[in-house]
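Worksheet for the structure shown next.
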Amino acid sequence: DAGITQSPRHKVTETGTPVTLRCHQTENHRYMYWYRQDPGHGLRLIHYSYGVKDTDKGEVSDGYSVSRSKTEDFLLTLESATSSQTSVYFCAISDGRGSGEKLFFGSGTQLSVL
Amino acid sequence: QKEVEQDPGPLSVPEGAIVSLNCTYSNSAFQYFMWYRQYSRKGPELLMYTYSSGNKEDGRFTAQVDKSSKYISLFIRDSQPSDSATYLCAMSAGSGGGADGLTFGKGTHLIIQP
């Protein structure tokens, strides 16, 4: 997990509250991703970024928004948390330079929505 | 039909055994193939990376790709208790970043019994 820091590591929140998860990288990689991992579903892409202020949706983007104001930081916001968003969230980075999508992951954030 | 199929296990073998982990896929455009290892409560880490068909060896690990059969394998020789983890296959059609990037299998939970 060197070079990628996710915060917080654990979060418990209530339904309807906004939640922001942070990913910080020191590798100066162009691409940053947010995934969620759930039993029976594996890893699913929520949103990704291909540069500062450049973001796009992934497979399961409903209820989530992202922002990237600096190369090193990528924020994931749950606008109004629901119990279905209880999951483990992983940030990943890649340099996207012809490397066939080698992703490097952070340690994850365990989010519980009560 | 899912794009990538992977037996979830658990797969339990005695220490020292040869382990074979497998994935099948349906998208003939995939040309980059990866194996990630994920320990409990950690993020996935890139273990093996292969382009196109053929074998790649790294220490006790061998990755094998058969594009004609749409089948990839990871072999672990002289398995150790420290190899106990979930192994995820991943594959990609392109060489750049973005949402067209990696498609993951759901992972196989491997247990090496001392």
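The values are calculated or read from the model by the stated rules, or taken from the named source; none is laboratory data. This one's a predicted model, so the numbers in the text were calculated from it and none came from an experiment. A quick note on method: Cβ atoms are made from the backbone with ideal geometry, for glycine too, and the neighbour counts reach across all protein chains shown. Ligands, DNA and RNA are stripped out before the accessible areas are found, and what is left, the full protein with its side chains, is counted by its heavy atoms. Shrake-Rupley method; radii C 1.70, N 1.55, O 1.52, S 1.80 Å.
Kindly indicate whether A:ARG22 is basic (Lys, Arg) and either at the interface with another protein chain (Cβ under 10 Å from one of its Cβ atoms) or open to solvent by less than 20 Å² (accessible area, probe 1.4 Å) (or both). It is false that A:ARG22 is basic (Lys, Arg) and either at the interface with another protein chain (Cβ under 10 Å from one of its Cβ atoms) or open to solvent by less than 20 Å² (accessible area, probe 1.4 Å) (or both). Within segment A:64-80, the presence of at least one residue that is in contact with a strand residue (DSSP E or B) (Cβ under 8 Å, 6 or more places away or on another chain), open to solvent by 10 Å² or more (accessible area, probe 1.4 Å) and within 13 Å of another protein chain (Cβ to nearest Cβ) is confirmed.
Here is the figure for segment B:23-44: residues that are touching a residue at least 60 places away in the same chain (Cβ under 8 Å) and over 16 Å from A:GLN37 (Cβ atoms) total 8. Regarding segment B:14-24, can at least one residue be identified that is open to solvent by less than 60 Å² (accessible area, probe 1.4 Å), out of contact with any Phe, Trp or Tyr (no Cβ under 6 Å at 6 or more places or on another chain) and under 24 Å from A:ILE46 (Cα atoms)? The answer is yes, given that some residue of segment B:14-24 is open to solvent by less than 60 Å² (accessible area, probe 1.4 Å), out of contact with any Phe, Trp or Tyr (no Cβ under 6 Å at 6 or more places or on another chain) and under 24 Å from A:ILE46 (Cα atoms).
Out of curiosity, is B:ASP58 open to solvent by 50 Å² or more (accessible area, probe 1.4 Å) and either within 14 Å of chain A (Cβ to nearest Cβ) or among the acidic types (Asp, Glu) (or both)?
Yes.
Answer yes if at least one residue in segment B:64-78 is within 10 Å of another protein chain (Cβ to nearest Cβ) and in a strand (DSSP E or B), and no otherwise. Step through it out loud before you land on a result.
Looking only at segment B:64-78, we keep the residues that are within 10 Å of another protein chain (Cβ to nearest Cβ), and these are none.
Checked segment B:64-78: no residue is within 10 Å of another protein chain (Cβ to nearest Cβ) and in a strand (DSSP E or B).
Residues that are closer than 23 Å to A:GLU59 by Cβ and within 12 Å of the chain's Cα centre (by Cα) were ranked within segment A:1-18; the one that is surrounded by the most Cβ atoms within 10 Å (Cβ to Cβ) is A:GLN6. Inside segment B:44-55, residues that are surrounded by fewer than 18 Cβ atoms within 10 Å (Cβ to Cβ) and in a loop (DSSP other than H, G, I, E, B) make up a count of 2.
In the set A:VAL88, A:VAL60, which member is among the β-branched types (Val, Ile, Thr), surrounded by 16 or more Cβ atoms within 10 Å (Cβ to Cβ) and assigned to a strand (DSSP E or B)? If you could, list the steps in order and put the result at the bottom.
Details: A:VAL60 fails: assigned to a strand (DSSP E or B).
The conditions single out A:VAL88.
Within segment A:21-64, if we keep just the residues that are of a type outside the set (Asp, Glu) and touching a His at 6+ places or on another chain (Cβ under 8 Å), the residue that is nearest to A:THR86 (Cα to Cα) turns out to be A:TYR64.
From the list A:LEU21, A:LEU111, A:LEU75, which residue is at pLDDT 95 or above and touching a Leu at 6+ places or on another chain (Cβ under 6 Å)? Write out each step before concluding.
On the way: A:LEU111 fails: touching a Leu at 6+ places or on another chain (Cβ under 6 Å); A:LEU75 fails: touching a Leu at 6+ places or on another chain (Cβ under 6 Å).
Going through A:LEU21, A:LEU111, A:LEU75 in turn, the sole match is A:LEU21.
Considering (1) of a type outside the set (Phe, Trp, Tyr); (2) part of a strand (DSSP E or B); (3) within 14 Å of another protein chain (Cβ to nearest Cβ), the lone condition that B:ARG41 does not fulfil carries the number (2).
Can you go through A:TYR48, A:TYR31 and tell me which one is within 12 Å of another protein chain (Cβ to nearest Cβ), in contact (Cβ under 8 Å) with a residue 12 or more places away in the chain and more than 23 Å from A:SER112 (Cα to Cα)? Full working, then the answer.
Details: A:TYR48 fails: more than 23 Å from A:SER112 (Cα to Cα).
After ruling out the rest, the residue left standing is A:TYR31.
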